[in-house]
Each structure stands twice: as structure tokens, then as C-alpha cells.
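**Q** Sharing a structure with you now.
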Amino acid sequence: MVGVILAAGDGKRLKNSKDEACCKPLIKINDKNLITFALDNLVQLDITEAYIVIGKEGDLIKNTLGDKYESINLHYVRQQEQIGLMNAFLQALNVMDCNETVVLQLSDEIFVNLNSEQIKSMLKDEKTEFYCGVTLEDNPQKIKNNFSVETDKDSFLIKCTEKPQVVTDNIKGTGFSIFNDKTIGVIKETYETNPEKLFDLCDSFNYLVESGYVGKTFMVADIEFNINTLSDFSEAEKHFE
């Protein structure tokens, strides 16, 4: 498996409320840079190669992390223009060997008590070709700010909805997702020929389902924090006190 962490965003919402000079992936919670929470997840999954997609503040991230994090070799790929999450993902896919399973994470998500053993076990199922990580969320607004997922009784993915107007349950989609080599190939080919089809993560999940690929949801962790605003930051900071 190979890890990809998206860290090219400029964090405007957090900067405007916290610190204009901050580099979002490097803000500290519980004395840890935000991006290292994502790296710790990869360590738990025994991943030894990771690609970090960086933007205009990328040199700060590179200088802070270096080329190694515990057992993980780090590679950096620059997204020159911020034109969507999937565009950032493609920057990494274009320079890496895509014959392996890829674990995608966002640098601004924290997962508490990652279900790492369950994740490693479920990846032995060769029939499932991609996975969408979810958590349980009691606050409907947080689901509306992210995306909802619709599944059948066996957790097979039916549809994702970006920033839904109506929330019918407490399942919230996250950026933690896993793709096998087949679905990675489909994503690359489709984006290269028709990029508007795959602007965000929901687009990709829905396109894969519509194309006949088998996807499932799985519970990533007990708790998830998505750090976009000062309120999000404060909530996470309080949890780790």
C-alpha cells in the first residue's frame, strides 16, 4: 500500500480566524503538527511510502517533515493551481507507481482510535475495489458541511452527496478513502479525458459506482475532527487536553 496526503490547501478559513501567518498542516494540536496525525495513521497501517501534495507553503512542510517520518519515506508533489481535491490527488498519481492500493487522506482531518486492524483485515477482500471512510456524527450541520453517504444493508456504497441540504442519518463521509489499482486507473484515465466529471471525492465515488465498480463504506475511527475553522481547532484542542 502507498499513502497519499493532500496538504496543498491554503487554509483561508482557519487563517482568517486564527493566524494569518500559519501554515495549516503545521498548526499544532497537543504539541503535534496537524499533518502528523495523518502520518501516524499510515504508520499504523504499515505503509512505508507516502506522497504529500503541497501548495504554495509546501517548502515549510518539506523543511519541517524532511524525507522520512518514522518508517515512512516521504515524497513531495506540488499542485501548482488549486482546482479541486481530485486535481490534487492526480498530482500524486501522476508521479507514483499506481499498481498498488492507495490510501488517501486529507491533512486537516484527525481520527481518534483509528480502526487500523479492521482496515488491514478488510483489504483482504478482493471483491471490493474501493472504500469510503465514514464516522458517526450527531451534529447534522457537520454532515452538511462535508458529505453524506447512502449504502445498502451490507454497507455497499450507493451514492455520496457533497454538502447535502437534507440529512437523514448520522453517517458522515470523510476524506479517508482507499482505492485498488483498477479504480486508480479509472480515476486517472477519466480525469485526463474529462476532468469536470471528477472535481471532488464524491464525484469519484459516484462515478465508480455508476461504472460498475464495487465500493463499501467502513468506520474509520471512533471520532473525527475536520479542522477548517477556529471553532474546529478549538474543539479538537479541547479533546486532547
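The values are calculated or read from the model by the stated rules, or taken from the named source; none is laboratory data. Since we're looking at a predicted model, the values are computed, not measured. Don't worry about glycine lacking a Cβ; one is built from the backbone with ideal geometry, like all the others, and counts go over all protein chains shown. Accessible surface areas use protein heavy atoms only, side chains included; no ligands, DNA or RNA. Shrake-Rupley method; radii C 1.70, N 1.55, O 1.52, S 1.80 Å.
**Q** Please find, among T217, T168, T174, T193, the residue that is closer than 19 Å to T135 by Cα and without any contact (Cβ under 8 Å) to a residue 40 or more places away in the chain. Steps first, please.
**A** Details: T217 fails: without any contact (Cβ under 8 Å) to a residue 40 or more places away in the chain; T174 fails: without any contact (Cβ under 8 Å) to a residue 40 or more places away in the chain; T193 fails: closer than 19 Å to T135 by Cα.
Within the list T217, T168, T174, T193, the selection yields T168.
**Q** Does S148 fit the bill of being within 23 Å of S116 (Cα to Cα), assigned to a strand (DSSP E or B), of a type outside the set (V, I, T) and open to solvent by 10 Å² or more (accessible area, probe 1.4 Å)? Give the steps one after another, and end with the answer.
**A** On the way: within 23 Å of S116 (Cα to Cα): yes; assigned to a strand (DSSP E or B): yes; of a type outside the set (V, I, T): yes; open to solvent by 10 Å² or more (accessible area, probe 1.4 Å): yes.
Considered against the rule, which asks whether it is within 23 Å of S116 (Cα to Cα), assigned to a strand (DSSP E or B), of a type outside the set (V, I, T) and open to solvent by 10 Å² or more (accessible area, probe 1.4 Å), S148 comes out as yes.
**Q** As an exercise: evaluate N99 against (1) open to solvent by 20 Å² or more (accessible area, probe 1.4 Å); (2) assigned to a helix (DSSP H, G or I); (3) within 28 Å of K197 (Cα to Cα) and give the number of the one condition it does not meet.
**A** Here N99 clears every test but (2).
**Q** Considering region 172-190 alone, what residues qualify as being under 16 Å from the mean Cα position of the chain (by Cα) and either loosely packed, with under 14 Cβ neighbours inside 10 Å or under 30 Å from D138 (Cβ atoms) (or both)?
**A** Answer for region 172-190, where residues must be under 16 Å from the mean Cα position of the chain (by Cα) and either loosely packed, with under 14 Cβ neighbours inside 10 Å or under 30 Å from D138 (Cβ atoms) (or both): K172, G173, T174, G175, F176, S177, I178, F179.
**Q** Test each condition in (1) open to solvent by less than 40 Å² (accessible area, probe 1.4 Å); (2) at pLDDT 95 or above for D46 and report the one that comes out false.
**A** For D46, the failing item is (1).
**Q** Is there a residue being aromatic (F, W, Y), without any contact (Cβ under 8 Å) to a residue 40 or more places away in the chain and surrounded by fewer than 22 Cβ atoms within 10 Å (Cβ to Cβ) anywhere in region 71-89? Write out each step before concluding.
**A** Looking only at region 71-89, we keep the residues that are aromatic (F, W, Y), and these are 76, 89.
Checking the rest, the ones that are also without any contact (Cβ under 8 Å) to a residue 40 or more places away in the chain come to 76.
From what is left, the residues that are surrounded by fewer than 22 Cβ atoms within 10 Å (Cβ to Cβ) are 76.
Yes, because at least one residue in region 71-89 is aromatic (F, W, Y), without any contact (Cβ under 8 Å) to a residue 40 or more places away in the chain and surrounded by fewer than 22 Cβ atoms within 10 Å (Cβ to Cβ).
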